Every structure is written in structure tokens, then in C-alpha cells.
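First comes the structure, then the notes that go with it.
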Amino acid sequence: MNVEHASELAERLLSGRRDAGGAPVIDHVRRVVALVPGRARIVAWLHEVFEYTTISEEALLDDGLSSAELRALRLLTRVVASRSDASYLAHVELIARAEGPGAELARTVKRADIADRMRNPAIRRNGWSPPYEKAFEMLRGERADVD
């Protein structure tokens with residue numbers, strides 16, 4: 001898959017979708033894409049599709065997504081709907097410690113994702129917002145305790 005196709009897919013699939021704070025998801029995705037180097041842009045464009053759409057992994061692979069890019073998307077996708085600091089930080093720690101194909105791509109995109117969320121937080125109706133600063137420290141290699 002090339003970057004142009006990934007951007008077209010993301011724009012189409014995420015059109016009208018809103019994040020937990022009510023902002024358009026595609027605006028966040030565009031900002032994340034602008035923060036990553038060229039080799040990570042495909043994953044950046046698609047990093048929210050599994051959380052906000054029903055597109056299958058097979059459909060993305062059929063469209064030319066590489067296995068490393070798919071693994072990066074799997075690492076980036078939170079499967080637990082829990083809204084707690086502990087579950088969020090456990091997910092980030094999984095990305096920080098991942099090895100093998102797609103792991104560095106996932107870390108690159110997650111750092112950009114968190115950097116954007118620190119500037120543009122998605123504050124839920126109940127007032128909870130993930131501990132972005134702690135998560136960013138984890139991805140930089142600093143130890144942030146997951147309580």
C-alpha cells in the first residue's frame with residue numbers, strides 16, 4: 001500500500017467519526033501523519049481505523065498493507081474499552097517493549113499520537129483523559145510506573 005491510498009482510505013473510513021471528546025478523528029489522524037517520517041505515514045494514516053471502523057485486516061492486506069504495517073496497527077489498537085490510567089499505560093508499555101516487525105513503526109506513530117493528544121486532549125464526558133505525559137515518558141525509554 002502506498003501513502004496516497006492509505007490517506008484515501010483513512011479519509012473515507014473515518015469521515016464523520018468523532019473521538020471521545022467530540023472532535024473529528026480524521027483531524028487527529030492528519031496531525032499525527034504530519035509528525036512522522038515518510039516511512040511511518042501509512043501506519044499513521046490508518047492508526048485509528050480498527051478502533052473506529054469495521055474494516056478487516058484481510059481487506060487492508062488485500063489493499064497492499066505489509067505484514068509489518070499490519071503488526072504495527074495491531075500493536076496500536078486498544079482492544080479493551082476500559083478507561084483507566086492503568087489499562088492505558090499497560091497498552092503503551094506493550095508498544096514500548098514490543099520487538100520484531102512493525103514494533104518500531106508502532107512506537108514512532110504512538111509517540112506522534114501522544115504528542116498530538118498532549119496538545120489536543122480528548123477529554124471524555126466523565127472528565128477522564130489518559131495520562132499522556134507518563135505514556136510519552138515510557139516511549140522515550142524512561143520508566144513510568146504503571147500503578
Residues being under 19 Å from Glu51 (Cβ atoms) and touching a helix residue (DSSP H, G or I) at 6+ places or on another chain (Cβ under 7 Å) - total across the range 122-145 = 5
Out of the range 106-126, which residues are more than 14 Å from Arg140 (Cα to Cα) and of a type outside the set (Lys, Arg)?
-> Asp116, Met118, Asn120, Pro121, Ala122, Ile123, Asn126
Within the range 47-65, can one find any residue that is small (Gly, Ala, Ser) and over 24 Å from Glu104 (Cβ atoms)?
-> yes
What is the one condition in (1) assigned to a helix (DSSP H, G or I); (2) surrounded by 12 or more Cβ atoms within 10 Å (Cβ to Cβ) that Ala34 does not satisfy?
-> (2)
Looking at Ala72, Ala86, which one is surrounded by 16 or more Cβ atoms within 10 Å (Cβ to Cβ), under 22 Å from Pro131 (Cα atoms) and not aromatic (Phe, Trp, Tyr)?
-> Ala72
Residue list for the range 16-48, filter: touching a strand residue (DSSP E or B) at 6+ places or on another chain (Cβ under 7 Å) and without any contact (Cβ under 8 Å) to a residue 24 or more places away in the chain = Arg18, Pro24
Of the conditions (1) of a type outside the set (Phe, Trp, Tyr); (2) modelled with pLDDT of 90 or more; (3) surrounded by 14 or more Cβ atoms within 10 Å (Cβ to Cβ); (4) within 20 Å of Arg18 (Cβ to Cβ), Arg119 fails just one. Which one is it?
-> (3)
Report whether or not Leu65 is closer than 24 Å to Ser15 by Cα and not in a helix (DSSP H, G or I).
-> yes
Can you name the condition, by its number, that Val92 falls short on among (1) outside any helix (DSSP H, G or I); (2) over 27 Å from Ser15 (Cβ atoms); (3) β-branched (Val, Ile, Thr); (4) at pLDDT 90 or above?
-> (1)
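The values are calculated or read from the model by the stated rules, or taken from the named source; none is laboratory data. Small disclaimer: the values here were computed from a predicted structure and weren't measured. Glycine also receives a Cβ, built like all others from the backbone with ideal geometry; neighbour counts cover every protein chain displayed.
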